[in-house]
Amino acid sequence: MSATDPSILAKSAMLSRLRDAKPQAMAKENLRYPVWQDNDKQLQQQRFMAGLSANHAEVICISSLAIADTIEKVLINQQCKHVILGSACDHTACDNVSYACRKGEFYPQILEGTRDINVLVFDTDVDEIKSTLFNDIDAGITHSLAGIADTGTLVLWPDRAEPRTLSLIPPCHIALIKRSAIVSNFAELMAEKAWQQQMPTNIVLISGPSKTADIQQTLAYGAHGPRQLVVILIEDM
């Protein structure tokens, strides 16, 4: 290949243009994240609900006395016949516990609200219930550790008693959260829970039903998780 070859000449011309370009350094972008914060509890609740609703989640505000009835109505509205629960329970409220677990605050009300449908308690190896879990279960019910008003996000802390599977596999996820658990932003939550001393091993952040637009930019729900998210917000303040 000679120096007069067209491809060599084209390459030399390109390199020459690059050398002569004399690029100028660009100013550094301001990437500061404007964290939202407000101590007004009413504003926190409004922003939390608005964020979830904007992402196609259903939010229902109730008193603690209405938990069981609300769960029952949601399951009827969603046409759920089979539901899966964790085993985060009071041993006096559930006798189907195969290992020690922490107490789920609203577990008795959840059991009452699901009394008329088929309930599967996740207290065994997932391989033993895999077929039922993927083919038959309509909804999973979980507690929530906290809510982030800034982004309208639920914070779950999965563990053996209430594993990630409950909020990942069933087509409908029903999450319970106390009003007092809503904070302004994630940094505030980290400080409140003192995670600098003991970080959680697994945190799940949920801001709406599972969705994707990977294919032809067409938005589709339920691609990698539940296509329905129902948040039951319990007024305790």
Residue, farthest from S207 (Cα to Cα), within the stretch 120-134, restricted to residues that are more than 22 Å from the chain's Cα centre (by Cα) and open to solvent by 30 Å² or more (accessible area, probe 1.4 Å): E128
field: Failed item in (1) closer than 15 Å to E105 by Cα; (2) among the hydrophobic types (A, V, I, L, M, F, W, C); (3) surrounded by fewer than 18 Cβ atoms within 10 Å (Cβ to Cβ), with I76 passing the rest
entry: (1)
task: Consider only pairs whose beta carbons are under 8 Å apart and that are at least six residues apart or on different chains; among these, list those whose first residue lies in the stretch 144-168 and is of a type in the set (F, W, Y) and whose second residue is in a loop (DSSP other than H, G, I, E, B).
output: W157/L145; W157/P200; W157/N202; W157/I203
query: Hey, among the residues in the stretch 180-207 that are within 19 Å of Q46 (Cβ to Cβ) and not aliphatic (A, V, I, L, M), which one's surrounded by the fewest Cβ atoms within 10 Å (Cβ to Cβ)?
result: S180
So T124, is it free of Cβ contacts under 8 Å to residues at least 12 places away in the same chain and over 25 Å from F48 (Cα atoms): no
message: Can you confirm whether Q46 is surrounded by fewer than 16 Cβ atoms within 10 Å (Cβ to Cβ) and within 20 Å of the chain's Cα centre (by Cα)?
response: yes
- prompt: Where residues in the stretch 118-138 are of a type in the set (A, V, I, L, M, F, W, C) and out of contact with any helix residue (DSSP H, G or I) (no Cβ under 8 Å at 6 or more places or on another chain), which of them is modelled with the highest pLDDT?
  reply: I137
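The values are calculated or read from the model by the stated rules, or taken from the named source; none is laboratory data. In this text, all values refer to a predicted model and were calculated from it rather than measured experimentally. Positions of Cβ are backbone-derived with ideal geometry, glycine not excepted, and every protein chain shown enters the neighbour counts. For accessibility, only protein heavy atoms count, side chains too; no ligands or nucleic acids. Shrake-Rupley method; radii C 1.70, N 1.55, O 1.52, S 1.80 Å.
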